[in-house]
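The values are calculated or read from the model by the stated rules, or taken from the named source; none is laboratory data. Because the structure is a prediction, the values reported are computed rather than measured. Note that we place each Cβ from the backbone using ideal geometry, even for glycine, and neighbour counts take in every protein chain shown. All accessible areas refer to the heavy atoms of the entire protein, side chains included, with ligands and DNA or RNA removed. Shrake-Rupley method; radii C 1.70, N 1.55, O 1.52, S 1.80 Å.
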Amino acid sequence: MSTLPKPSFLISANFLGPVLSLDGELTNKAQNLVFARNGIGKSFLSRAFRYLDLHGQARDVDDAAKNLVSDESADGKGTFSFARGPKAMGTLSLNKNGDVVTPELDGTIFHVFSEDFVQEELRERQYEIDGEIENQIAVDSESIKIKDAQEALAKAQADELAAEAALRGKFDKEKLSELAEKTGINKQLKGYKELTFDRLLERYTDKPEPPKPSVADIIKDLDALKAIPSDPVYPDDVGPVPSDDIDLKAIEDSLGRITSPSSVSEDIKKKIDEHREFYATGTKIVQDEHRESCPFCEQGIKAGDPKAIIDAYVGYFSDAEEKHKTELRGFFRALLNMESALKENENQLSRQKSRFDTLKSFVPSQKDVALGDGEEEIKKLRDTLVALKDMIQKKADALTVALSMPEVDLAANITAINDLIAANNSKAQKLTRAVEKSDEERRDLQRKACIAFEAEFAITTWSDIETLRSLREATIAAAAALLALEKSSPSTDARTRVAETFELLLKEFFSDKYLFDKDKFVLKRGTHEMIRGPHRTLSDGEKTAIAFCYFVACIHRKVEANADYRKLFLVFDDPVTSMSYDFVFSIAQTLKNLNIADQGEISINPGQIDGNKHRRPELLILTHSSYFFNICLTNRIVDERKGAAFALHPDAGTHKLVRLKEYVAPFKEQLRDVYDVANGRDPDHRTANSVRSVLEAIGRFCRPDKSESLSTFVQHLAGDEGIAVKSVLINSLCHGTYYEETPVPGDLKLACEETISVVKRFAVGQLELIKGASEKGK
């Protein structure tokens, strides 16, 4: 039965030193190679792997946040993750605030060669090898029981994978048909992207209840949204009933006040009451204008009966009785005005409710919302107004009698109707916003559809899900049974294995120059002990080589059982520091031929590698050295044909892993740096050196006769080629001036632009290659 290809390794980091953001994908091959120039952030990635290594050894990692998180992190947080496909092999969550470090491992055993390893394991011990190794390694037995257990595990895994593949395929198919096609959901919607079969299994340990609403209900709601009119009639806001036009305290005082009746005859009073406004207006004109004739009939009013009658009118309107009645009429009129306003509010509420009920049917989230009709509140307020009017009328007919306010609460009635109006307005406004933002409503429904689909799928396939879980339990049980058999088998001493592997590798690197005494656990120079000590005897390159050999031997210190050898992931961070080419080549060949048997034997014999019982370990090589990188490609330490070689470089605030299918050329990297700055990228600490290197290379290869020095070449450019160099940086480099101040960005950019002009003149083909690579990378 063919097996599915393994997913690729994924590496991501946020705010680790200079690495502000990285989401990189390596190959799915066991060995990958990454080149990075100085200052890019490689060492921080290596250090993150080292902390996962330390955590796996149950060692203290409390200083990880302080040592890893970028100063640029606004909240002091950083993350690191290394995964194979969706499965995280190791993660770090870091927070400098409080030195919070949360490491997680999935069982992977990280083993990291780096400057930190050399410092802690060898340099601090002055290269005296630590012989305090007490752990025992459980070895596999070739007994029939273990073979049977292995076969049982293989069958359990196959059954589990088959059941999972069937269910996963059904899930993905129905997800597409029920959601993507029927609801028109955007596949980039977060809820849709997060909807996975794995999450379903994690979420539902018990069979869920049918979701409300169901997917079918949500599809109907989505169809209703589509039917919203192109020019909908929205419900208008209703204004409040005014509450400050009625002075209840003044009304109460007026009702309780006793006013003596006027001395004017009842006939005149009756006549005035029947046409009050007429008499009041005429009397006022006579008084204000001192008229000698009636303003209406022109009859003289200065003598006889007319004068007496006019005087009676004037006297009446000046009496307390008429003033009291005028006051009561004002109160009555204010109550009438409120009744009119209340009627208008009643009409507006009715119109608002009608429009609301029509429009809400199109919006699923609003369809169950109802507006109050205000019938009860309006009736109570209207009854209160009538009661007040009746009492005022009663008082007007009996000014000599003190009356009390009726048992009503006008303020409470007004508050009640206004509260209802405010609540209705809020609902109407929310409906209006929902209609105007129907896209948000649609997305919300689509999110609910994702949740409902997940529950419905779990319900309909619950028996299959339970079967899959049983198969998984069977796989776990079979694996546990095999592990128990392996650990119950005879064990061997890890110290012995470390010594044997270390001795093997020292022989490969140094022949008989340096030997390892396995009994005393000490390095010797030939057959003699190093009187001065290894740290004063060994060269820097030899120390690096010995550290590399010891690191590989220390693999045995990381495992508890033979099965653990397949859990190893090795990381090598520049294992060639201070080495000459012969040592560099030896390191490369060792990495190429290194293989580990199922029984734990470490070998560098390539003839033993069979991909089964003897396999090359999974490993990641990180390096600044272009020479070492190119040797690794030449000798196929990684498979460049499968794209397993990468370059790590920053790009507009993020870091990227770019596949490399050719050797790393320093000139090409430096020219790319100059080109990018000339075209808008901010210069950095590498830029000045790149300018100098590119100009010197162009001069020496294109005009060696004019390039005795950079100064001579620049003079040639100005005199014979018509290229004037104005950059302070370049002129300082030409005259050998020590540049005491950091070059300003503007001058660095000018230097890059002038350098590109020189390249265009002498080596335009190189520039075209850089341009082509930049275009492909976009």
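Based on the Cβ-Cβ distance of ALA422 and ALA216, what FRET efficiency does E = 1/(1 + (r/R0)^6) give at R0 = 45 Å, to the nearest 0.05? Provide the component values of the computation, followed by the final result.
Values: r = 37 Å, r/R0 = 0.83.
Here the calculated transfer efficiency is 0.75.
If contacts are Cα pairs under 8 angstrom and at least 6 residues apart, what is the relative contact order of the chain in percent?
Reported as a whole number, the value is 19 percent.
Computed from backbone phi, the HN-Hα couplings of region 445-460 come to 5, 5, 5, 5, 5, 4, 5, 5, 4, 4, 5, 5, 5, 4, 5, 6 Hz, rounded to whole numbers (Karplus: 6.51 cos²θ - 1.76 cosθ + 1.60, θ = phi - 60°; Gly and Pro given as x).
Can you give me the convex hull volume of the Cα atoms of region 123-247, divided per residue and expressed in Å³? Mind dumping the intermediate values first?
On the way: hull volume 59.7 nm³, N = 125.
Output value, Cα hull per residue: 477 Å³.
Beyond 27 Å in Cα-Cα separation lie the following of the pairs LYS6/LYS661; LYS642/LYS771; LYS353/LYS389; LYS190/LYS427; LYS642/LYS668; LYS182/LYS367: LYS353/LYS389; LYS190/LYS427. In the context of the full set of protein chains, the chain has a per residue accessible area of 52 Å² (1.4 Å probe).
Taking 0.36 nm per residue of separation and subtracting the current Cα-Cα distance, fully stretching the chain between SER603 and CYS702 would add 30.7 nm.
Just the number: Rg to Rh for the chain, Cα atoms, Kirkwood Rh, two decimals.
So for the chain, dividing Rg by the Kirkwood Rh gives 1.29.
Projecting the Cα atoms of THR590, LEU570, VAL522 onto the charge dipole of region 464-597 (Cβ charges, centred on the Cα centre) puts VAL522 farthest toward the positive pole. Solvent-accessible area of the chain (1.4 angstrom probe, protein heavy atoms only): carbon and sulfur portion equals 50 percent. Cross-link partners for LYS175 among the aspartates and glutamates, with Cα-Cα distance under 14 Å and sequence neighbours closer than 8 places in the same chain left out: GLU194, ASP198, GLU454, GLU456. Computed from Cα atoms alone, the Kirkwood hydrodynamic radius reported for region 666-776 is 13.9 Å.
Using a/c under 1.5 as the rounded threshold, could you call region 34-177 rounded, prolate or oblate? The axes a ≥ b ≥ c are square roots of the C-alpha gyration tensor eigenvalues, and prolate needs a/b larger than b/c, oblate otherwise.
Working: a/c = 2.71, a/b = 1.29, b/c = 2.10.
Oblate shape, in that a/c is at least 1.5 and b/c is the bigger or equal ratio.
Can you give the Rg/Rh ratio of region 485-580, where Rg is from the C-alpha atoms and Rh is the Kirkwood radius? Each step should come with its number before you reach the end.
Details: Rg = 15.3 Å, Rh = 14.8 Å.
When Rh is taken as the Kirkwood radius, the ratio is 1.03.
Normalised Debye scattering of region 548-617 at q = 0.14, 0.16, 0.23, 0.26 Å⁻¹ gives log10 I(q)/I(0) of -0.44, -0.57, -1.06, -1.24, counting only Cα atoms as equal scatterers and leaving out solvent.
Taking amide H as placed 1.01 Å from N in the peptide plane, PHE646 has its amide H under 5 Å from the amide H of LEU33, VAL34, PHE35, LEU660, each at least 5 places away in sequence or on another chain.
How big, on average over all directions, is the shadow cast by the Cα convex hull of region 375-422, in nm²? The orientation-averaged projected area of the Cα hull of region 375-422 comes to 3.4 nm². The length gained by stretching the chain between TYR581 and VAL658 to full extension, at 0.36 nm per residue less their Cα-Cα distance, is 25.1 nm. Each of PHE762 and GLU194 was given a label point 7 Å from its Cα along the Cα-to-Cβ line. The distance between the two points is 5.8 nm. Kirkwood analysis of the Cα pair distances in region 368-480 returns a hydrodynamic radius of 20.9 Å.
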